[in-house]
Amino acid sequence: MKLVWKLLRQHISIPQFVGFFFANLVGVVIILLGVQFYNDYQALDNEDSFMKADYLIVNKKIGALSGLTGGQSSFTSDDIDELKAEPFVERLGAFTPSSFNVKARFDVEGFVSFSTEMFFESVPDDFVDVESEAWHYEEGSTDIPIILPKNYLDLYNFGYAQGKGLPKLSEGILGAMKLNIQIGGEGQQDEFDGRIVGFSSRLNTILVPESFMRWANEKYANAEAVKEPTRLIVEVNNPADDRITSYLQDHDYETDEDKLDASKTTFILRVIVSIVMVVGVVISILSIYILMLSVFLLVQKNSTKLENLLLIGYSPAKVSFPYQALTVGLNVLVLILAVIIMCVVRNYYLDMFQNFFPDLEVPGITQALLVGVCLLVIVSIFNIVAVYGKVMSIWKRKE
């Protein structure tokens, strides 16, 4: 084996391998940073981790005289089918409103309790990204999972609690507490425990599972009182598509402009990150080509001596090993340095993020590391197979 290593050192081209090393390092750093930056950016919207950014909430515009003239603010089946047929729509679901009475009582330990009239709405469960065990209702259960609007918590903390001398509550504390829910209608009244599973700044409604809403409307509401949906949740394939705005304007529909702008920003960021990562992949592929060209030239220069080694009894695997070890070693070193550079750059931009979002909880680097390791494994396997194939061609020529 020492003979092979000596042959390898004789004709090695330092500039070629340095060129591969830095080109591959740039490509891998771009890929890992792209993955990690997008994950960290997603954490800025972690309060709505159960609601994707490309979901839009659509409702009909309500004019000043709508109530007096009997204007229709709900969506008919024809309205829904027409919107669903639009090319920018991936999926569409309707908000189902509660057609029964809901009253909630909230007890703060050591202080007086307060109660309020409220309402429920639901959307199809596949629009809500919550673990199925947490977002599930079994008929007959007294436990109701609930998603609350974040501004409700803000109103309590900075309005009601401050004026009444009550303690302010964080999302974590409120999520660990339960609401006493009273539901009545059609001569029936029952009590339930409301379990808060999340808060949303994108939904201005109190959301419950669709299975509960369907069951409760059947039990507590008059069949004639069940209402048509007044809001739709729409998943679009491209929030930046101009056809969305045009369609909404033409049909007198509206959506929250801030949320639409946020969706556009997230979509554009996703596209930019994808383009940057593609550039990184192209650079990495070119660097791999440089490496393989260098190794093949090295093997070609030593072909006669390698052929002699094969003739005296060295196996192709043993002759290939030093070249394979060289390529894999370079790939490992590239990955280690790429992770270090990624972490340095990440710490820099996280400091800027946390200046604006002091309570920001960012994810780890596990996903980026997995991507890096997968790249290392794929490239290394390709290098090992290619080198072995080159040596086997010399072996076959010997025969």
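With respect to the conditions (1) under 33 Å from the mean Cα position of the chain (by Cα); (2) modelled with pLDDT of 75 or more, residue 183 lacks only one, and its number is (1). Residues in segment 209-244 that are modelled with pLDDT under 80, part of a helix (DSSP H, G or I) and open to solvent by less than 70 Å² (accessible area, probe 1.4 Å): 225 alone. Tell me, yes or no, whether segment 155-178 has at least one residue that is in a helix (DSSP H, G or I), crowded, with 18+ Cβ neighbours inside 10 Å and either in contact with a Lys or Arg (Cβ under 7 Å, 6 or more places away or on another chain) or among the hydroxyl-bearing types (Ser, Thr, Tyr) (or both). Checked against the condition, which is being in a helix (DSSP H, G or I), crowded, with 18+ Cβ neighbours inside 10 Å and either in contact with a Lys or Arg (Cβ under 7 Å, 6 or more places away or on another chain) or among the hydroxyl-bearing types (Ser, Thr, Tyr) (or both), segment 155-178 yields at least one hit. Annotation: of all residues in segment 194-208 being over 14 Å from residue 95 (Cβ atoms) and hydrophobic (A, V, I, L, M, F, W, C), the one that is modelled with the lowest pLDDT is 199.
For segment 89-116, a residue qualifies if it is among the charged types (D, E, K, R) and modelled with pLDDT of 85 or more, and the qualifying residues are 90, 91, 103.
Check segment 43-55 and report whether any residue there is at pLDDT 70 or above, within 30 Å of residue 350 (Cβ to Cβ), open to solvent by less than 80 Å² (accessible area, probe 1.4 Å) and in a strand (DSSP E or B). Among the residues of segment 43-55, at least one is at pLDDT 70 or above, within 30 Å of residue 350 (Cβ to Cβ), open to solvent by less than 80 Å² (accessible area, probe 1.4 Å) and in a strand (DSSP E or B), which makes the answer yes. Looking only at residues in segment 117-138 that are closer than 19 Å to residue 152 by Cα and in a loop (DSSP other than H, G, I, E, B), the one that is modelled with the highest pLDDT is 120. Applying the set (1) outside any helix (DSSP H, G or I); (2) of a type in the set (Val, Ile, Thr); (3) at pLDDT below 85 to residue 265 leaves exactly one unmet item: (1). Just one of (1) modelled with pLDDT of 85 or more; (2) within 24 Å of the chain's Cα centre (by Cα) fails for residue 256. It is (1).
Can you name the residue in segment 61-87 that is at pLDDT 80 or above and aliphatic (A, V, I, L, M) and, of all such residues, is least open to solvent (accessible area, probe 1.4 Å)? Out of the qualifying residues, it is 83.
The values are calculated or read from the model by the stated rules, or taken from the named source; none is laboratory data. Computed from a prediction, not measured in an experiment: that's the story for all the values here. All Cβ positions, glycine included, derive from the backbone under ideal geometry; neighbour counts span all protein chains shown. Note: areas computed on protein heavy atoms with side chains; ligands, DNA, RNA excluded. Shrake-Rupley method; radii C 1.70, N 1.55, O 1.52, S 1.80 Å.
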